Amino acid sequence: MGKRQFPEGFLWGGASAANQIEGGWKEGGKGISVPDTMRQRFDENLKDYNVQNRAVLSEVLKALETEDVENYPKRHGSDFYHHYEEDLAELAAMGFKCFRMSIAWSRIFPRGDEEEPNEEGLQFYDRVFAACRKYGIEPLVTMSHYEMPVHLALHYRGWYDRRVVDFFLRFVKVICERYQDAVKYWITFNEIDSMLRHPYTSAGLLEECFPGQNFEEVIFQAMHHQFVASALAVKICHETIPDSKVGCMLTKLTYYPYTCKPEDVRKAQEIMRSTYCYSDAQVFGEYPRYLLTYFKNHGITIHKEPGDDEIMKKYPVDFISFSYYNSYCAAEDGTGLEKSGGNTAVGYRNPYLKSSEWGWQIDPMGLRISLVDLYDRYRRPLFIVENGLGAKDVLKEDGTVDDPYRIAYLDAHIRAMLDAIELDGVDLMGYTTWGCIDMVSESTRQMSKRYGFLYVDCDDYGHGTYKRYRKASFDWYRRVIETNGGCLFE
């Protein structure tokens, strides 16, 4: 084997989400979104995502009555709304080829059901994309990244209502037409599979709004509406931007059997299927038989409009993007086993792996395994759009931040990626590390759980100067991009 490098044209970069980075929650005509109503729960178990993501109607209504920014961290984010120019200049200084971001639905359609878009919101993204173009950065835009207007959640019961499909497609048509010369790469729904784990965040579903109904069936009905909306978004995007590429995005939850006991192997397989079924539907354009069998066995009925199946089949996605942070273990009987948290899920702790400060197990080999599994399953280009290490970084008096733990994490995962490409034959388009600029964590709503190459002077309650500082990992990643990964193998 000769000199080791990534393929020419590999899209190196970083990732963000509007609701976690932008701030400006009521500026420029923006409406209130679902994440604007999610308060911090710092006094509860920060390692339990189910606790951290708990949503009840009374709390949502209470949030609408307050201008509080301290206890609703998504309202301040990292203030990218006012810092986007300098932030993109810093990303360009690292050599970014690609920047994954999202367009806040509520910034374009404040309530979600308006006939006409908010021009001020559109102009904000005009400026962001102009800056991307100036710095030679390719935007990768997520259409829906946990940013539903709260009006649709409260007055239409979220994605359960078929009318929301049309509202979303109006939004998609507007942004595709407006930014057709600026954006080539798109993702429809972020971690579409996560709706079962956090239905309010993903789909605006509050269980109290469905008295007497099977809430699992409600969630799957909303999921069906997102599948149809995703397929039609692919259609709109391809027709509006002929050379565009549109991907799906899933939470890559990688589970190993805790032992070689057949029951543990079967349990891991079952859990993995429960994730793959959502990407299966978007890639193959139809519900997998095992999911239909699950519906039948659990008395779940999904209402489809005439033509829905044909729409899903006709407009599948072009590539598969995914998040990967950690792996888990699965066991049929977990008695006596220690639980381990992670990205929106929980499993059993793997005794062979180390863990982050938040209990997420660090497993670069798991990324290689995930790449192989996904590529063998789909035979379509893959894109890692989230990967990184959340840690408590310390800003020193001289304005520097040493983060060797982040460098070690990313180094190991990037090596695993190249092994998957060179040794396993995987077609990988690019890699955008999560939270390239410090932003509010989705899992804990903390600023102190930091992922970025740029430190943002802001604490968990939104206090600080919001000044940016380069971490040690900034120069390290710049060198990785500059050498197309080659420096890791010198």
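To keep it simple, each residue is scored yes or no on (1) of a type in the set (V, I, T); (2) more than 26 Å from L64 (Cα to Cα); (3) touching a Lys or Arg at 6+ places or on another chain (Cβ under 7 Å).
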site: C176; (1), (2), (3): no, yes, no
site: Y200; (1), (2), (3): no, no, no
site: L206; (1), (2), (3): no, no, no
site: I219; (1), (2), (3): yes, no, no
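Residue-level analysis places T444 outside the set of residues that are under 29 Å from V283 (Cβ atoms) and either among the hydroxyl-bearing types (S, T, Y) or under 23 Å from the mean Cα position of the chain (by Cα) (or both). Yes or no: the stretch 41-58 includes at least one residue that is at pLDDT 95 or above and surrounded by 14 or more Cβ atoms within 10 Å (Cβ to Cβ). Within the stretch 41-58, not a single residue is at pLDDT 95 or above and surrounded by 14 or more Cβ atoms within 10 Å (Cβ to Cβ). Considering I407, I481, the condition of being farther than 30 Å from R54 by Cβ and either touching a strand residue (DSSP E or B) at 6+ places or on another chain (Cβ under 7 Å) or not hydrophobic (A, V, I, L, M, F, W, C) (or both) is satisfied by I481 alone. Report, by residue number, each residue of the stretch 378-391 that is surrounded by 13 or more Cβ atoms within 10 Å (Cβ to Cβ) and in a loop (DSSP other than H, G, I, E, B). R380, P381, N387, G388, L389, G390 - these are the residues of the stretch 378-391 that are surrounded by 13 or more Cβ atoms within 10 Å (Cβ to Cβ) and in a loop (DSSP other than H, G, I, E, B).
Every condition in (1) surrounded by 19 or more Cβ atoms within 10 Å (Cβ to Cβ); (2) more than 30 Å from D68 (Cβ to Cβ) holds for R415 except the one numbered (1). Considered as a group, the residues in the stretch 351-377 that are of a type in the set (S, T, Y) and surrounded by fewer than 21 Cβ atoms within 10 Å (Cβ to Cβ) include one that is nearest to C458 (Cα to Cα), and that residue is S356.
Checking the conditions here, which among Y276, Y287, Y256 is on the phi < 0 side of the Ramachandran plot, assigned to a helix (DSSP H, G or I) and not β-branched (V, I, T)?
Values: Y287 fails: assigned to a helix (DSSP H, G or I); Y256 fails: assigned to a helix (DSSP H, G or I).
Checking each option against the conditions leaves just Y276.
Residue check: E239 meets all listed conditions (1) crowded, with 18+ Cβ neighbours inside 10 Å; (2) more than 30 Å from C329 (Cα to Cα) but one, namely (1).
Being touching a helix residue (DSSP H, G or I) at 6+ places or on another chain (Cβ under 9 Å), surrounded by fewer than 23 Cβ atoms within 10 Å (Cβ to Cβ), under 27 Å from V56 (Cβ atoms) and modelled with pLDDT under 95: is that true of H151 here? So H151 fails the test.
For the criterion of being out of contact with any Lys or Arg (no Cβ under 9 Å at 6 or more places or on another chain) and of a type in the set (A, V, I, L, M, F, W, C), A416 fails. Being modelled with pLDDT under 95 and either surrounded by 15 or more Cβ atoms within 10 Å (Cβ to Cβ) or under 14 Å from F220 (Cβ atoms) (or both) is not true of T293. Filtering the stretch 1-27 to residues that are in a strand (DSSP E or B) and crowded, with 24+ Cβ neighbours inside 10 Å leaves G13, G14, A15. Pairs linking a residue in the stretch 470-490 that is modelled with pLDDT of 95 or more to a residue that is of a type in the set (S, T, N, Q) and surrounded by fewer than 18 Cβ atoms within 10 Å (Cβ to Cβ), with Cβ atoms under 6 Å and 6 or more positions apart or on different chains, are N484/Q5; G485/Q5; G486/Q5. Candidates are the residues of the stretch 432-490 that are out of contact with any Cys (no Cβ under 6 Å at 6 or more places or on another chain) and of a type in the set (K, R); the one that is surrounded by the fewest Cβ atoms within 10 Å (Cβ to Cβ) is K467. Across the stretch 314-339, the number of residues qualifying as free of Cβ contacts under 8 Å to residues at least 40 places away in the same chain and within 26 Å of the chain's Cα centre (by Cα) comes to 1.
To keep it simple, each residue is scored yes or no on (1) of a type outside the set (A, V, I, L, M); (2) closer than 25 Å to W476 by Cα; (3) touching a residue at least 12 places away in the same chain (Cβ under 8 Å); (4) touching a strand residue (DSSP E or B) at 6+ places or on another chain (Cβ under 6 Å).
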{"residue": "A55", "(1), (2), (3), (4)": "no, no, yes, no"}
{"residue": "A63", "(1), (2), (3), (4)": "no, no, yes, no"}
{"residue": "N71", "(1), (2), (3), (4)": "yes, no, yes, no"}
{"residue": "R111", "(1), (2), (3), (4)": "yes, no, yes, yes"}
{"residue": "V128", "(1), (2), (3), (4)": "no, no, yes, no"}
{"residue": "Y156", "(1), (2), (3), (4)": "yes, no, yes, no"}
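Per the listing Y276, Y324, the residue uniquely modelled with pLDDT under 95, under 25 Å from P381 (Cα atoms) and crowded, with 21+ Cβ neighbours inside 10 Å is Y276.
Reported count of residues in the stretch 234-253, each being in a helix (DSSP H, G or I) and under 18 Å from Y287 (Cα atoms), is 1. For G212, the criteria (1) of a type outside the set (D, E, K, R); (2) within 16 Å of the chain's Cα centre (by Cα); (3) not in a helix (DSSP H, G or I) hold in every case but one, which is (2).
Filtered by the rule that a residue be closer than 30 Å to F284 by Cβ and either outside any loop (DSSP other than H, G, I, E, B) or hydroxyl-bearing (S, T, Y) (or both), the stretch 356-375 gives P364, M365, G366, L367, R368, I369, S370, L371, V372, D373, L374, Y375. Within the stretch 322-359, track down each residue that is among the hydrophobic types (A, V, I, L, M, F, W, C), over 19 Å from G435 (Cβ atoms) and in contact with a Ser or Thr (Cβ under 9 Å, 6 or more places away or on another chain). Answer for the stretch 322-359, where residues must be among the hydrophobic types (A, V, I, L, M, F, W, C), over 19 Å from G435 (Cβ atoms) and in contact with a Ser or Thr (Cβ under 9 Å, 6 or more places away or on another chain): C329, A331, V346, L353.
The values are calculated or read from the model by the stated rules, or taken from the named source; none is laboratory data. None of these values were measured; they are calculated from a predicted model. With ideal geometry, Cβ positions are generated from the backbone for all residues, glycine too; neighbour counts draw on all protein chains shown.
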